[in-house]
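Presented below is the structure to which this report refers.
The values are calculated or read from the model by the stated rules, or taken from the named source; none is laboratory data. Bear in mind the structure is a predicted one, so any value in this text is a computation, not a measurement. Cβ placement follows ideal geometry from the backbone for every residue including glycine, while neighbour counts extend to all protein chains displayed.
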Amino acid sequence: MSSFIPCLSISVLSDSLIQYSSGIIPISTTELNLKQTLLGGQSFRWFEQSPNEFVGVLHFYIVRLQYENEKLHFKFYVHKNTNSLLNECDREKESATILHKYFQLSVKLEDLFEQWCKSDERFRNKQIPTGIRVLDQDPLENLICFICSSNNNVQRITKMIKTLSEIYGKEIGTLNGTTYYQFPTIDELDQSDLEKDLRKLNFGYRARYIHKAVQYLKHTINDPSYFDRLKSSSVQDARSELLKIMGVGRKVADCVLLMSLGKQDVVPVDTHIHSIAVTYYGQRKNSQLSMSNYNNISSFFQQLWQPYAGWAQAAAFSNELRSPTSKTTSVKRSKMTNHCKFIKYEKEIKES
Ligand SMILES: Nc1nc2[nH]c(O)nc2c(=O)[nH]1
């Protein structure tokens, strides 16, 4: 495989940063829509640096990705003090393996799409595009991101996670004038002033939830294999465990189950999915998304889209975010009304 990638533009690296690897993964457009996968509301770590070129952080790497002509081009960068005994070819293979796992490339989206087309007219009529994949994310990062997601939008969550990483995470290096940081570990976040400091950084009420979640994971659970245990537990058991964390309601728990604990059939339901269910699938309209509505809508979609129902949800969700003419966003209620409903809804779910 060639390590020269003409379509990724020239990069300027700080002294502390080195290019670790580069390579290409052949993949069709029906299997990967890079932009909607990276910026569709699942992950908050990616930035579109130039049209169709994305930069983000995975583990301790800065990663640049570009999709062109049925190929995913990648470059990985690391801090110069990161030890690796691998030669160039093995680094390329290792990086390709990281991306393979992150994008869950062993899942054949075309096969899933064919199955969804049989059961769902919206897929059949191409109202929902193909190529949107569920990312396999780091569970701690995913959990904190979704605690931040309550009553928030993608841009603002992305900014919050960037700030959190800058303040508490390790610096990786500067690429084209931007300095990138790892997502902090639980030990790095375990600071007595975390809540106070995050409030100063405009995290609002989420500051307390993040602080409490960190305290709980570090001091009550105190088990490095906690998330691995949840991965091998049933959906119900893993969900019950996640719901013990302050700031985690049913929707946040379901996002974590789907996006970092490998529970591919879980369908998170928020106001977008609720509206989609009502607008396109004839589900009963409810002014509030109570726990029983949540269960009904989630089960309805699980039956319609099984067994990778969460992947169909991701496609429908990301499509909804992107679409300026979407019915569900054009019938959106006022922001304040949504805010009040959301807080009430999360509270209800927590207490149920
Ligand atoms: N695929 C999804 N992305 C999301 N972002 C967010 O805030 N909620 C969701 C979701 O339910 N699905």
Q: Taking Gln49 as the residue in question, decide whether it is assigned to a strand (DSSP E or B), at pLDDT below 95 and buried (at least 16 other Cβ atoms within 10 Å of the Cβ).
A: yes
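Take residues that are under 13 Å from the mean Cα position of the chain (by Cα) and not small (Gly, Ala, Ser) and tell me which of the helices (runs of 4 or more DSSP H) falling wholly in segment 126-210 contain 3 or more.
Details: elements: 139-148, 154-168, 186-189, 194-200.
Per the criteria, 139-148, 154-168.
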**Q.** Qualifying positions in segment 128-153 - without any contact (Cβ under 8 Å) to a residue 60 or more places away in the chain and away from the ligand (no atom under 14 Å from the Cβ)
**A.** none
Q. Is it the case that some residue within segment 311-322 is within 21 Å of Asn152 (Cα to Cα), at pLDDT below 85 and exposed (fewer than 15 other Cβ atoms within 10 Å of the Cβ)?
A. no
**Q.** Residue tally, condition touching a helix residue (DSSP H, G or I) at 6+ places or on another chain (Cβ under 7 Å), of a type in the set (Asp, Glu) and within 24 Å of Tyr77 (Cα to Cα), over segment 165-224
**A.** 1
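Can you list the helices (runs of 4 or more DSSP H) found entirely within segment 220-324 that contain at least 3 residues being in contact (Cβ under 8 Å) with a residue 60 or more places away in the chain and within 16 Å of the ligand (Cβ to nearest atom)?
Qualifying helices (runs of 4 or more DSSP H): 250-260, 309-322.
Can you pull out every residue in segment 33-88 that is aromatic (Phe, Trp, Tyr) and either under 23 Å from Glu110 (Cβ atoms) or touching a strand residue (DSSP E or B) at 6+ places or on another chain (Cβ under 9 Å) (or both)? Step through it out loud before you land on a result.
Step one: list which residues in segment 33-88 are aromatic (Phe, Trp, Tyr), which gives 44, 46-47, 54, 60-61, 67, 74, 76-77.
Of everything in segment 33-88, those that are aromatic (Phe, Trp, Tyr) and either under 23 Å from Glu110 (Cβ atoms) or touching a strand residue (DSSP E or B) at 6+ places or on another chain (Cβ under 9 Å) (or both) turn out to be Trp46, Phe47, Phe54, Phe60, Tyr61, Tyr67, Phe74, Phe76, Tyr77.
Could you say which residue among Leu65, Leu105 is among the hydrophobic types (A, V, I, L, M, F, W, C), in a loop (DSSP other than H, G, I, E, B) and under 19 Å from the mean Cα position of the chain (by Cα)?
On the way: Leu65 fails: in a loop (DSSP other than H, G, I, E, B).
On inspection, the qualifying residue turns out to be Leu105.
Does at least one position in segment 155-165 carry a residue that is away from the ligand (no atom under 16 Å from the Cβ), surrounded by fewer than 20 Cβ atoms within 10 Å (Cβ to Cβ), closer than 23 Å to Ile221 by Cα and among the polar types (S, T, N, Q)? First the steps, then the outcome.
Kept after step one, since they are away from the ligand (no atom under 16 Å from the Cβ), are these residues of segment 155-165: 162-165.
Subset that is surrounded by fewer than 20 Cβ atoms within 10 Å (Cβ to Cβ): 162-163.
With the extra rule that they be closer than 23 Å to Ile221 by Cα, the set shrinks to none.
No, segment 155-165 contains no residue that is away from the ligand (no atom under 16 Å from the Cβ), surrounded by fewer than 20 Cβ atoms within 10 Å (Cβ to Cβ), closer than 23 Å to Ile221 by Cα and among the polar types (S, T, N, Q).
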Q) List the pairs whose first member sits in segment 109-121 and is over 17 Å from Gln313 (Cβ atoms), whose second member is of a type outside the set (Phe, Trp, Tyr), and whose Cβ atoms are under 8 Å apart, counting only residues at least 6 apart or on separate chains? A) Glu110/Ser28; Glu110/Thr30; Glu110/Glu31; Glu110/Thr130; Lys118/Arg124
